[in-house]
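Structure record follows, encoded as structure tokens.
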């Protein structure tokens with residue numbers, strides 16, 4: 001494991017050491033003395049902070065012509081809280097860019113650039129407020145000022161480079177010329193264009209920056225009153241400056257949300273005023289619950305409902321065309337299935353009747369027509385939009401299409417030699433009913449060939465497929481179409497059992513739990 005992956009553990013180790021040295025009974029006594037009404041009210045301090053931050057973000061959104069409502073951008077904030085909380089380094093917070101892109105209809109790279117700009121402004125304002133705090137406290141801790149100034153210089157230098165889009169774009173364009181990026185060069189070039197589209201000028205970020213600075217100061221003021229609950233009584237201005245410096249310290253990537261580093265910094269600085277460590281740690285952990293855990297829990301519910309909306313799709317003409325365009329890039333997938341079909345046709349059958357069940361845009365039917373020219377091909381699908389494209393894709397005389405489904409095949413008994421179902425098993429609501437219906441339509445000795453999504457496919461590999469779909473310009477609707485199929489997929493052994501239960505004899509199977517699909521053949 002790389003050393004940088006272990007860095008966040010440092011903060012946890014520090015926290016464990018600190019807690020192990022405390023008198024837990026004193027901590028219990030501190031919490032028992034807190035006024036429950038004031039304690040409950042403390043959980044609402046995050047509200048004005050999010051509202052203020054959202055005002056600044058809305059200004060940036062408008063500058064980049066990303067149109068979402070004020071209410072939606074607040075919900076998006078909570079989505080970021082949730083994903084940030086459950087991922088290392090809080091990098092998952094950028095996942096909210098997917099939701100922003102879906103809501104606004106703006107390209108994903110542009111949404112990512114917007115969030116990077118917003119977070120950069122937030123971080124620079126944090127550093128500047130921290131530097132002011134360090135100057136104010138320099139008589140007590142002179143080294144703090146020099147450390148923070150060095151960090152600010154580095155961050156601002158990188159930020160100025162970022163805003164000079166011609167320089168950074170030129171660098172990115174050089175990077176993607178390397179051979180490793182050859183297969184996705186076009187997509188990356190398009191992403192760079194989207195990333196820098198409507199990038200705010202320096203003057204455009206002045207007001208959001210001022211709002212961000214105000215937000216940090218407001219946060220520290222609210223913390224001052226919450227600290228009173230824990231009997232932390234020091235001069236107002238000194239407290240604000242200590243929290244500002246602590247904010248910079250906890251931004252170091254050696255902790256998870258500042259756990260450990262925050263407590264260590266506060267214990268060190270508040271010790272000057274004789275504040276007991278138990279009071280400091282109790283306050284710090286309580287603040288962590290208010291600022292991070294509570295919004296993250298709330299965000300989990302918002303994420304659940306927004307994801308439901310995100311996942312819903314309607315099979316429109318646009319989706320059908322996008323799916324058709326994308327899948328035409330992978331003819332080898334259909335060649336493999338067709339080879340299995342051809343292998344399972346008895347030699348004595350001169351003109352096999354082959355049903356492409358759940359045919360979609362007919363790309364499999366088209367390949368079957370090329371490899372098995374003497375076959376009679378019938379495509380069945382519940383979508384007339386898909387079948388319209390199938391009729392355009394399949395250039396074979398006698399090709400027929402019918403509206404139907406796996407549990408309602410509009411053909412007579414003992415009709416087909418082969419029924420092939422490619423990647424639509426996931427949409428069968430009642431697989432036993434569908435298998436019985438297929439059994440009815442198959443001739444005696446006929447075969448069903450099922451190529452299906454593997455329910456046991458590892459989730460991390462599924463995520464990589466999702467990224468690959470994006471880099472291959474699949475489009476969000478096509479990505480959603482593919483990802484949804486995994487959620488309702490069936491396990492191989494379950495389908496194998498159902499085939500046997502409904503009277504089929506298994507003649508062939510190709511299954512690997514670590515591969516994204518499997519194939520099984522059953523004979524009537």
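The values are calculated or read from the model by the stated rules, or taken from the named source; none is laboratory data. Bear in mind the structure is a predicted one, so any value in this text is a computation, not a measurement. Cβ coordinates were reconstructed from backbone atoms using ideal geometry, including for glycine residues, and neighbour counts include every protein chain displayed.
Observations
- Residue within the stretch 62-70 that is at pLDDT below 90, closer than 30 Å to residue 10 by Cβ, surrounded by fewer than 17 Cβ atoms within 10 Å (Cβ to Cβ) and in the same structural domain as residue 252 (by TED's automatic domain parsing) present: no
- The one condition in (1) surrounded by 19 or more Cβ atoms within 10 Å (Cβ to Cβ); (2) at pLDDT 90 or above that residue 382 fails to fulfil: (1)
- For the criterion of being outside any loop (DSSP other than H, G, I, E, B) and either farther than 19 Å from residue 293 by Cβ or touching a helix residue (DSSP H, G or I) at 6+ places or on another chain (Cβ under 6 Å) (or both), residue 73 passes.
- Complete set of residues in the stretch 214-237 that are surrounded by 14 or more Cβ atoms within 10 Å (Cβ to Cβ) and in a loop (DSSP other than H, G, I, E, B): 229, 230, 231, 232, 234
- Filter result for residue 485 (modelled with pLDDT under 90, assigned by TED's automatic domain parsing to the domain that holds residue 327, outside any helix (DSSP H, G or I) and closer than 20 Å to residue 325 by Cβ): no
- Filter result for the condition that a residue is farther than 20 Å from residue 518 by Cα and in contact (Cβ under 8 Å) with a residue 40 or more places away in the chain, over 385, 370: 385
- Failed condition for residue 106, given (1) at pLDDT below 85; (2) in a helix (DSSP H, G or I): (2)
- Those residues of the stretch 250-288 which are outside any loop (DSSP other than H, G, I, E, B), touching a residue at least 40 places away in the same chain (Cβ under 8 Å) and farther than 15 Å from residue 140 by Cα, in sequence order: 261, 263, 264, 277, 278, 279, 280, 281, 282, 283, 286, 287
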